[in-house]
1. Just give me the residues in segment 208-249 being under 16 Å from the mean Cα position of the chain (by Cα), assigned to a loop (DSSP other than H, G, I, E, B) and at pLDDT 90 or above, in sequence order.
2. Among the numbered conditions (1) in contact (Cβ under 8 Å) with a residue 40 or more places away in the chain; (2) part of a loop (DSSP other than H, G, I, E, B); (3) among the acidic types (D, E), tell me where E24 comes up short.
3. Kindly evaluate R105 against the criterion of being open to solvent by 50 Å² or more (accessible area, probe 1.4 Å) and either closer than 24 Å to P55 by Cα or of a type in the set (K, R) (or both).
4. With the requirement that a residue be in a loop (DSSP other than H, G, I, E, B) and either surrounded by fewer than 14 Cβ atoms within 10 Å (Cβ to Cβ) or among the hydroxyl-bearing types (S, T, Y) (or both), what does segment 4-21 give you?
5. When segment 22-50 is examined, which residues are found to be open to solvent by 60 Å² or more (accessible area, probe 1.4 Å) and touching a Ser or Thr at 6+ places or on another chain (Cβ under 7 Å)?
6. Looking for whichever is in contact with a Gly (Cβ under 7 Å, 6 or more places away or on another chain), surrounded by 14 or more Cβ atoms within 10 Å (Cβ to Cβ) and either of a type in the set (S, T, N, Q) or in contact (Cβ under 8 Å) with a residue 40 or more places away in the chain (or both) here; the options are P214, P207, P225. Which one fits?
7. Mind checking which residues of segment 228-258 are closer than 25 Å to H141 by Cα, hydrophobic (A, V, I, L, M, F, W, C) and touching a residue at least 60 places away in the same chain (Cβ under 8 Å)?
8. Look at segment 92-132 and say how many of its residues are in a helix (DSSP H, G or I) and basic (K, R).
Amino acid sequence: MVTEVGVCKLFKNLNPGKASGPDEIPTRLLKTLADEVLPVVTNLIWQSLSTGQLPKAWKEAWITPVFKGGARCDPANYRPISLTSVVCKLMEHDLSTHICGHLDRFGILTPANHRFCSKHSCESQLLLTTHDLLKHRDQGHSIDVGILDFSKAFDTVPHKRLINKLRIYGIHGEFLSWIESFLSCRQQLVLCDGARSDHSAVTSGVPQGTVMGPLLFLLHINDMPSVVDPGTSVHLFADDTLIYRVIHSMEDQVVLQRDLARLEQWAVPGAWCSMHPSVTSCTLAVSHPTCINACINSVVSCCHWSPVKNILEFISTTTSSGHIILIRQLPRQRGS
């Protein structure tokens, strides 16, 4: 499985301008001396996989704060950029390719997720969602939409729960042992203006700044759409969740409430993550006012309800190029 030919391709794709990680091996050096170090790196990757062990530097991350805007004295105004070992990333690329092949072969990944998936994007989610909402709008149906966000979702994934899901998805043997080691005993420190903080242990979450991290998170949330009623639609984009249902009667409102409760229960508040109560991230838009009083007690405290005349006004998203796409007010239906 681990061959010099495969590792050589990874070397050729290295960006020499990328910063090095805790092992302090420059990316430019690896790319320049690819032919010389190729046998050594290939053997290192093979031994790591066969033994299920990783060098200490592969389990460490250097966090660099990047200023986003606002008051510089507020830590919340800095985005953490995680630097990890480049050699470890080469191995992660190789393993991720094989795991994705397994997932595609058995159709394991839910089509509801449009992030970190091949042939899926922010635009594909936007097109599918607007098509669905327009279809129901043309039929004269009311639709209730919930836009949810899970606070610190990447940082709070429980490792045991994740490993159990990987077993269910058919990931066993050397792959599973390596991933368990990859997640365990991790440490990180902060680099700022030449100063370093003390190391701190990372006891939960998928490692950010890694290649394997997004795939592991994708597998962790893969079963989320299955907990809701078949008549309720769910679209995922990483940790952002869009849930909506056509409302024909009060019964549909009750079902949607129940689905929100199931999503909250799936998240296991306190054990994994909790719904983030910000204005943009936990909002329920209703297309008819009678639905406003139909909130579930466990979710209403962290949701902002917004009645709208046209539910399509409410849907907005960000494209991969960073532009905001807004679905504006559409002309009224003929005869309405």
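The values are calculated or read from the model by the stated rules, or taken from the named source; none is laboratory data. Keep in mind that this is a model prediction, so the values were computed, not measured. Cβ placement follows ideal geometry from the backbone for every residue including glycine, while neighbour counts extend to all protein chains displayed. The accessibility values were calculated without ligands, DNA or RNA, using every heavy atom of the protein model including side chains. Shrake-Rupley method; radii C 1.70, N 1.55, O 1.52, S 1.80 Å.
1. T210, V211, N222, D223, listed by residue number.
2. Unmet for E24, out of (1) in contact (Cβ under 8 Å) with a residue 40 or more places away in the chain; (2) part of a loop (DSSP other than H, G, I, E, B); (3) among the acidic types (D, E): (1).
3. Details: open to solvent by 50 Å² or more (accessible area, probe 1.4 Å): yes; either closer than 24 Å to P55 by Cα or of a type in the set (K, R) (or both): yes.
Here the answer is yes, as R105 does meet what is asked.
4. Keep residues of segment 4-21 that are in a loop (DSSP other than H, G, I, E, B), which gives 13-21.
Matches in segment 4-21: N13, N15, P16, G17, A19, S20.
5. Within segment 22-50, P26 is the sole residue that qualifies.
6. Details: P214 fails: in contact with a Gly (Cβ under 7 Å, 6 or more places away or on another chain); P225 fails: in contact with a Gly (Cβ under 7 Å, 6 or more places away or on another chain).
Unique residue meeting the criteria: P207.
7. Within segment 228-258, V234, L236, L242, I243, V246, I247, L256 meet the criteria.
8. Number satisfying all stated conditions: 1.
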